[in-house]
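**Student:** Quick one: the structure is below, and I'll ask about it shortly.
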Amino acid sequence: MARDKIALIGSGQIGGTLAHLIGLKELGDVVMFDIAEGVPQGKALDIAQSSPVDGFDAHYTGANSYEALDNAKVCIVTAGVPRKPGMSRDDLLSINLKVMEQVGAGIKKYAPDAFVICITNPLDAMVWALQKASNLPAKKVVGMAGVLDSSRFRYFLADEFNVSVEDVTAFVLGGHGDTMVPLTKYSTVAGIPLPDLVKMGWTSQARIDEIVDRTRNGGAEIVNLLKTGSAYYAPAASAIAMAESYLRDKKRVLPCAAYLNGEFGVKDMYVGVPVVIGSKGVERVVEIELTGKDREAFDKSVAAVQGLVDACKKIAPDLLGR
Ligand SMILES: NC(=O)c1ccc[n+]([C@@H]2O[C@H](COP(=O)([O-])OP(=O)(O)OC[C@H]3O[C@@H](n4cnc5c(N)ncnc54)[C@H](O)[C@@H]3O)[C@@H](O)[C@H]2O)c1
Ligand SMILES: O=C(O)C[C@H](O)C(=O)O
């Protein structure tokens, strides 16, 4: 059986980590693409040379031309610029919007049947622009952020409760920015929701509030430590979980930036919500009930994303005509 072709558009820190994980998990053959000459070729060759040691079979190529995307089953987009200390993700909007226009055109021409996962920031606006620029069906274009934010939340909670990360579930919804919404009501240890764990006296509300805050600032915490760029191991692992669910039709329920057409009261926008990912792409938006403070926080987050989408429409009005 032929192996699936996975195209990585952007071969920087996340692109390289994605390429390595795809090999280790034997998810398919990898094409690494970048505008930097030699970088995708060098990384592809380096990772291919690790395959005999780790015992995986995958074919790796590097390219600087969009033709290399031909017939890709999955495209993962990290092309663009990461932030540095002192910047917000939103500061990347105009520079990365231009990149999304180029990448969208390349995908439209060479990989129109692909499942596309966007990672480039500011995520919710960039995945919106990428879908418009590529004109692929909205259920085949999705943004990665919620899996990462939820994984951070899970990790901090497991540490707080001194339990295995495997027994902690969490959902972080909304936009991937300062307004993201970690949902305590839908986050659990062994199925017990966080508010009940507070009532049981296992932790305090003040500690939960601190962990929620740390989760919201999880990206900035790493940017401030690295100084030259942003997180890449956990972001790559998160996108791989999404790609694997699609390729293996696992139908995992994952928080992703998905196109909303009325769900959660939101129209023509990408925002982080729980979705089922299977071989058809986004197969269902799981419309959980949001009430009280959670609803307020979600609406505030949606409004922040709307502001960024409006800015994209102003900078690139022709995106809407595609
Ligand atoms: N969604 C998330 O949760 C999340 C998490 C981490 C990082 N990010 C974002 O992902 C993006 C990539 O991060 P990174 O750490 O891999 O950055 P990086 O700088 O290491 O890699 C980006 C790569 O994109 C390439 N590139 C730039 N313009 C291009 C173009 N027009 N066409 C093709 N390639 C182009 C660069 O040459 C570089 O190799 C950033 O925007 C970052 O903010 C998002
Ligand atoms: O924080 C960033 O700029 C990168 C990414 O969005 C993250 O959350 O790690």
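**Student:** I need the per residue convex hull volume for segment 1-133, using only the alpha carbons, in cubic angstrom as a whole number.
**Tutor:** Normalising the Cα hull of segment 1-133 by residue number yields 102 Å³.
**Student:** Counting only Cα, what are the radius of gyration and maximum Cα-Cα distance Dmax of the chain, in Å?
**Tutor:** 19.1, 59
**Student:** A further question on this structure: May I have the convex hull volume per residue, in Å³, for the Cα set of segment 173-217?
**Tutor:** Expressed per residue, the convex hull around the Cα atoms of segment 173-217 is 68 Å³.
**Student:** Separate question: Using only alpha carbon positions, build the gyration tensor of segment 64-221, then give the equivalent ellipsoid semi-axes as the square roots of 5 times its eigenvalues, largest first, whole angstrom.
**Tutor:** In descending order the semi-axes read 36, 17, 11 Å.
**Student:** Counting DSSP beta bridges in the chain, what percent are antiparallel, to the nearest 5?
**Tutor:** Rounded to the nearest five, the antiparallel share is 55 percent.
**Student:** Any idea what the relative contact order of the chain is, in percent, if you count C-alpha pairs under 8 Å spaced at least 6 apart?
**Tutor:** That works out to 17 percent.
**Student:** Write down the accessible area per residue of segment 20-153 in Å², having rolled a 1.4 Å probe over the full set of protein chains.
**Tutor:** 39 Å²
**Student:** Accessible area of residue 100, 1.4 Å probe, to the nearest 10 Å²?
**Tutor:** Probe radius 1.4 Å; accessible area of residue 100 about 0 Å².
**Student:** Given the whole protein assembly as supplied and a 1.4 Å probe, what does the accessible area of residue 136 come to in Å², nearest 10?
**Tutor:** 10 Å²
**Student:** I've got another one for you. Kirkwood Rh over Cα pairs of segment 157-248 into Stokes-Einstein at 4 °C, 1.567 mPa s: D in µm²/s?
**Tutor:** It comes out at roughly 88 µm²/s.
**Student:** Oh, and also: Tally up the carbon and sulfur contribution to the accessible surface of segment 1-106 as a whole percent, 1.4 Å probe, everything protein left in place.
**Tutor:** Carbon and sulfur atoms account for 53 percent of the accessible area of segment 1-106.
**Student:** How high is the relative contact order of segment 252-292? Use alpha-carbon pairs under 8 Å, at least six apart in sequence, and give a whole percent.
**Tutor:** Relative contact order, segment 252-292: 35 percent.
**Student:** Taking the full set of protein chains and a 1.4 angstrom probe, give the accessible area of residue 31 in square angstrom, rounded to the nearest 10.
**Tutor:** 10 Å²
**Student:** Could you state the number of Å between the C-alpha centres of segment 123-145 and segment 254-322?
**Tutor:** Taking the Cα centre of segment 123-145 as reference, the centre of segment 254-322 is 10 Å away.
**Student:** What is the sum of charges, Lys and Arg at +1 and Asp and Glu at -1, for the other residues whose Cβ falls under 13 Å from the Cβ of residue 70?
**Tutor:** Around residue 70, the surrounding residues sum to +1.
**Student:** Roughly what % of Cα-Cα distances in segment 202-290 sit above 21 Å, to the whole percent?
**Tutor:** That tail contains 51 percent of the Cα-Cα pairs.
**Student:** Among 279, 311, 79, flag the residue with its Cα farthest along the positive direction of the charge dipole of the chain, charges on Cβ as +1 for Lys/Arg and -1 for Asp/Glu.
**Tutor:** 311
**Student:** Then there's this: Could you tell me the distance between the Cα centroids of segment 154-188 and segment 74-107, to the nearest Å?
**Tutor:** Between the Cα centre of segment 154-188 and that of segment 74-107, the gap is 26 Å.
**Student:** Work through the residues other than residue 86 whose Cβ is under 15 Å from its Cβ and net out their charges, Lys, Arg +1 and Asp, Glu -1.
**Tutor:** 0
**Student:** With +1 assigned to the C-beta of every Lys and Arg and -1 to the C-beta of every Asp and Glu, and no other charges, what is the dipole magnitude of the chain about the Cα centre in debye, to the nearest 20?
**Tutor:** That gives the chain a dipole magnitude of about 480 debye.
**Student:** With the contact rule set at Cα under 8 Å and sequence spacing of 6 or more, what percent relative contact order holds for segment 1-88?
**Tutor:** 38 percent
**Student:** Carbon and sulfur: what percent of segment 133-239's accessible surface (1.4 Å probe)?
**Tutor:** 53 percent
**Student:** Net charge within 11 Å of residue 289 by Cβ-Cβ distance, Lys/Arg positive one each and Asp/Glu negative one each, not counting residue 289 itself?
**Tutor:** In short, 0.
**Student:** Rounded to whole Hz and in sequence order, give me ³J(HN,Hα) for segment 119-124 from the Karplus expression 6.51 cos²θ - 1.76 cosθ + 1.60, θ = phi - 60°, writing x for Gly and Pro.
**Tutor:** Along segment 119-124, the couplings run 10, 4, 9, x, 3, 5 Hz.
**Student:** Which value in deg cm²/dmol, rounded to the nearest 500, describes the helix-derived mean residue ellipticity at 222 nm for the chain, given -39,500 (n - 2.57) per DSSP H run of n ≥ 4 and division by the residue count?
**Tutor:** -13500 deg cm²/dmol
**Student:** Using modelled backbone amide H atoms (1.01 Å from N, in-plane), which distant-in-sequence or interchain residues come within less than 5 Å of residue 286's amide H?
**Tutor:** 275, 276
**Student:** Taking a temperature of 37 °C and a viscosity of 0.692 mPa s, what whole-number D in µm²/s does Stokes-Einstein yield for segment 95-141 with Rh from Kirkwood over alpha carbon pairs?
**Tutor:** Answer from the Stokes-Einstein relation: 323 µm²/s.
**Student:** Looking at segment 75-230, what % of its DSSP beta bridges pair antiparallel, to the nearest 5?
**Tutor:** In segment 75-230, approximately 55 percent of DSSP beta bridges are antiparallel ones.
The values are calculated or read from the model by the stated rules, or taken from the named source; none is laboratory data. Note that the coordinates shown come from a computational prediction; the quantities given were computed from them, not determined experimentally. Neighbour counts are summed over all protein chains in view; Cβ atoms, including those assigned to glycine, are modelled from backbone coordinates with ideal geometry. For the accessible areas, the whole protein counts, side chains as well, though only heavy atoms, and no ligand, DNA or RNA atoms are used. Shrake-Rupley method; radii C 1.70, N 1.55, O 1.52, S 1.80 Å.
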